[in-house]
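Okay, structure first, notes after.
The values are calculated or read from the model by the stated rules, or taken from the named source; none is laboratory data. For clarity, every value in this text was computed on a predicted model and none was experimentally measured. Because the Cβ atoms are built from the backbone with ideal geometry, glycine has one as well, and the counts that use them run over all protein chains shown.
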Amino acid sequence: MANTSVASPPGFSSPSGTRSSLYRAPFSPHASSEAGASEIDAKMAEKLLGIALSKGGDYADLFFEYRAAGGFVFDEGILKSASRGVSMGLGVRVQKDDATGYAYVEQLDWDSMKRAAETAAQIATGGGAKLPVAAKAITLPRRYELDKVTLDVPGLEKRELLRRANEAAHAFDKRIIKVETSLSEEIREILMFTSDGRSAHDVQPLLRFGIRAVAEDGAKRQDGSSGGGGRTTLGYFEGKTPEWHAEQAAAQAIRMLDAVEAPAGTMEVVLAPGDSGILLHEAVGHGLEADFNRKGTSNYTGQMNKQVASDLCTVIDDPSLLQSRGSINVDDEGYEPRHSTLIEKGKLSAYLHDRMSANHFGISPTGNGRRESFACAPMPRMSNTILTAGPHDPTEILKSVKKGIYAKKFGGGQVDISNGDFVFNLTESYLVEDGKITAPLKGVNLIGNGPEIMRKVVMLGNDVEISDGIWTCGKDGQSVPVGVGCPTIKISAITVGGTKIG
């Protein structure tokens, strides 16, 4: 990551760690086949790719996926739910010029896989059949190998973590009347073969913890939340304990009991470091994904090397952060993801590409072709998208505000990706008066346009923070885990939607 460094929390393994001895990857060389399934190897893949190209396709790939996932919800002293699920399948893609044929199956027997390859091949109806190139495995970085995946840890240990958080939140203040904690976990194994001779295999862990606390005082009721995780083990909780998260959630709920009606109008806004990067991700980052620019539907189409933001702003997409939620060793097309500088000192310098958009623009893929599962075709997506540090001290930024809003936590929002127009609601925000944070606010919405807001960045902090593993991004019906980050940001003017005029 440019200009910053991210240390591994206590308990995390180094990139040279080994995987759990209990988890047996189904696509690994020594894994036994599922009942009725065929052994997946390069020879079989070459046959399937040959079938996929038989109608005259230019390119084909195979995407095998195995996913095991689990979840726990602890509510008011009771383990309310516990779940475990497994899915496995194959997606076959064939490309002919700008057209794509896609088919998938959930059975890995030869007949099912052959039918999928034949179906995807129908996108091409002419021309000589190409022969696939013999696949060679690409060497991948090791950004999240773990000594033990969380799915191998007994459920009672995970229940205890949730119980501890629940108990600590209630102990924080007698006005905390309800607490819910949750833990979700998964291991995703992917195996890819491409007709141009690449193969890649990766095992991707994921952990997400969350807590919500509700406070009540008379007729007033507010809630607070906290959470985190990443591609990590339960060692995550040695750095940020369940009690720490409980205190954060409970303290927010208690503070917000005193929240006052939010002002409305155009005013200065200061965005807190870390999670505020979600505004950058949604209102700016999506417009930098190359499929929108290939189609000419992004506000950034045709703007390469032009000034699109304040010269304070440099925006990167970095998939290499150790065990971060958005990090990947390989994208879902078999390319190693690389660090991309998207905006440099305010000038647009790059888009995020998958194979199709890279071919269109005549460049190499950036390794940002991602998909939710084997049932989906890949598209350009962000990994860890970060606004890098600026020159200003955060206290200096706050002191410069006569009257404005301090946005600390973001909730849901709506964004028009084609032009960057957005509406975001804030779950925690404060009034800033004469350079000081004063009253907590309720009912705050930020309304604006992403590219315009980037031009209105007038101060940028030296305090970059990376969001603690909580965000999932949706696009065209597909969801993938992502990371965001930013320093403290001062924006000269945003429309604030509130209930109090003034």
- Total residues in the range 322-345, condition in a loop (DSSP other than H, G, I, E, B) and either in contact (Cβ under 8 Å) with a residue 60 or more places away in the chain or within 22 Å of residue 92 (Cβ to Cβ) (or both): 16
- Task: Please specify each residue of the range 346-371 satisfying the condition of being assigned to a loop (DSSP other than H, G, I, E, B) and either crowded, with 21+ Cβ neighbours inside 10 Å or basic (Lys, Arg) (or both).
- Result: 351, 353, 354, 365, 366, 367, 368, 371
- Note on the structure: Here the residues within the range 168-187 that are of a type outside the set (S, T, N, Q) and within 18 Å of residue 234 (Cβ to Cβ) are 168, 183, 185, 186, 187
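Can you find even one residue in the range 288-295 that is of a type in the set (Lys, Arg) and buried (at least 19 other Cβ atoms within 10 Å of the Cβ)?
Taking every residue of the range 288-295 in turn, at least one turns out to be of a type in the set (Lys, Arg) and buried (at least 19 other Cβ atoms within 10 Å of the Cβ).
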- Being of a type in the set (Asp, Glu) and within 24 Å of the chain's Cα centre (by Cα) is the filter; apply it to the range 153-187 and report the residue that is farthest from residue 254 (Cα to Cα). 186
- Message: Looking at residue 76 and the list (1) over 21 Å from residue 374 (Cα atoms); (2) out of contact with any Lys or Arg (no Cβ under 9 Å at 6 or more places or on another chain), which single condition is not satisfied?
- Response: (2)
- Task: Go through the residues of the range 151-172 one by one and say whether even a single one is hydrophobic (A, V, I, L, M, F, W, C), at pLDDT below 95 and touching a strand residue (DSSP E or B) at 6+ places or on another chain (Cβ under 6 Å).
- Result: yes
- Query: Just a yes or no: is a residue in the range 71-93 touching a Cys at 6+ places or on another chain (Cβ under 9 Å), among the small types (Gly, Ala, Ser), in the same structural domain as residue 198 (by TED's automatic domain parsing) and modelled with pLDDT of 95 or more?
  - Reply: yes
- Only one of 102, 66 that is touching a residue at least 60 places away in the same chain (Cβ under 8 Å), in a strand (DSSP E or B), touching a Lys or Arg at 6+ places or on another chain (Cβ under 6 Å) and closer than 28 Å to residue 357 by Cα: 102
- Query: Just to be sure, is residue 278 under 23 Å from residue 481 (Cα atoms) and either modelled with pLDDT of 95 or more or of a type in the set (S, T, N, Q) (or both)?
  - Reply: no
- Query: Counting just the residues of the range 295-349 that are under 24 Å from residue 192 (Cβ atoms) and among the hydrophobic types (A, V, I, L, M, F, W, C), which one comes out nearest to the chain's Cα centre (by Cα)?
  - Reply: 328
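Matching residues to (1) buried (at least 20 other Cβ atoms within 10 Å of the Cβ); (2) among the acidic types (Asp, Glu):
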site: 411; (1), (2): no, no
site: 421; (1), (2): no, yes
site: 429; (1), (2): yes, no
site: 438; (1), (2): no, no
site: 446; (1), (2): yes, no
site: 450; (1), (2): yes, no
- For residue 298: the one exception among (1) surrounded by 22 or more Cβ atoms within 10 Å (Cβ to Cβ); (2) out of contact with any Ser or Thr (no Cβ under 6 Å at 6 or more places or on another chain); (3) closer than 27 Å to residue 368 by Cα; (4) at pLDDT 95 or above: (4)
- Taking the residues in the range 110-139 that are surrounded by 14 or more Cβ atoms within 10 Å (Cβ to Cβ) and part of a loop (DSSP other than H, G, I, E, B) as candidates, determine which candidate is nearest to the chain's Cα centre (by Cα). 138
- Members of the range 71-89 that are assigned to a loop (DSSP other than H, G, I, E, B) and among the acidic types (Asp, Glu): 76
